[in-house]
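K.L.:
Pasting a structure here, questions to come.
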Amino acid sequence: MPFEDEEEFEIPDDVEAILRRQDEAMALLERLRAAEPFRRPKADQQGARRREFRRWPIPEGVTLELHDSNGWRTADVLDMGVGGARLNVLPAFADGPTPARLKAPASQAVLVLCDVMWKDNDGRAGIRFEFRDEDERENWSGGLIDALLARHAVS
């Protein structure tokens, strides 16, 4: 029951659509996380500090998959870092908060929420990763860095 002095506040349709999409993406992400739970690695590195969010050309074996509500789709990644990636092409279904799966050869897959930070006229886009907690961020950063080191050790 509204107060006598209170004006009725109406949410614009576009804002309501964005909020609904975010709620749907978060609900889907939670269902996917329940089906594919993250377990803390046994050899946990205590005292490790957060790294700067530089991006590197994606090393072999590292993938970013986006969920389109039906299944995982591998993204066309130009370069990647701990906190995000630059995509060659942003799929139409990923134009907003989207569940993503990060994989590296020496670590367990990590499920995150990704969101578009910028898009250019050529279809490229920058996305950022939102991790559930610091353990998942550390697992991902360790796997990505190990893959980068392996690539450079071979050359």
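The values are calculated or read from the model by the stated rules, or taken from the named source; none is laboratory data. All of these numbers come straight from a predicted model, not from anything done at the bench. Note that each Cβ is placed from the backbone with ideal geometry, even for glycine, and that neighbours are counted across all protein chains shown. Protein only, heavy atoms only, side chains kept; ligands, DNA and RNA dropped before computing areas. Shrake-Rupley method; radii C 1.70, N 1.55, O 1.52, S 1.80 Å.
K.L.:
What number of residues within the stretch 97-123 satisfy the criterion of being open to solvent by 60 Å² or more (accessible area, probe 1.4 Å) and either modelled with pLDDT of 95 or more or within 13 Å of the chain's Cα centre (by Cα) (or both)?
P.N.:
The number of residues fulfilling the criteria is 2.
K.L.:
Sort out which residues of the stretch 127-147 are more than 17 Å from His67 (Cα to Cα), open to solvent by less than 70 Å² (accessible area, probe 1.4 Å) and in contact (Cβ under 8 Å) with a residue 40 or more places away in the chain, and write them in order of number.
P.N.:
Answer for the stretch 127-147, where residues must be more than 17 Å from His67 (Cα to Cα), open to solvent by less than 70 Å² (accessible area, probe 1.4 Å) and in contact (Cβ under 8 Å) with a residue 40 or more places away in the chain: Asp135, Glu136, Arg137, Glu138, Asn139, Trp140, Ser141, Gly142, Gly143, Leu144, Ile145, Ala147.
K.L.:
Kindly provide the set of residues from the stretch 76-116 that are small (Gly, Ala, Ser) and in contact (Cβ under 8 Å) with a residue 24 or more places away in the chain, ordered by number.
P.N.:
Across the stretch 76-116, the qualifying residues are Gly81, Gly83, Gly84, Ala85, Ala94, Gly96, Ala100, Ala104, Ala106, Ser107, Ala109.
K.L.:
Scan the stretch 116-155 for residues that are in contact with a strand residue (DSSP E or B) (Cβ under 6 Å, 6 or more places away or on another chain) and either farther than 18 Å from Arg55 by Cα or of a type in the set (D, E, K, R) (or both) and jot them down.
P.N.:
Correct list: Lys119, Arg128, Glu130, Glu136.
K.L.:
Give the residues of the stretch 77-114 that are in contact with a strand residue (DSSP E or B) (Cβ under 6 Å, 6 or more places away or on another chain) and either of a type in the set (S, T, N, Q) or under 16 Å from Asp23 (Cα atoms) (or both), sorted by residue number.
P.N.:
Correct list: Asn88, Ala94, Pro97, Thr98, Pro99, Ala100, Val112, Leu113, Cys114.
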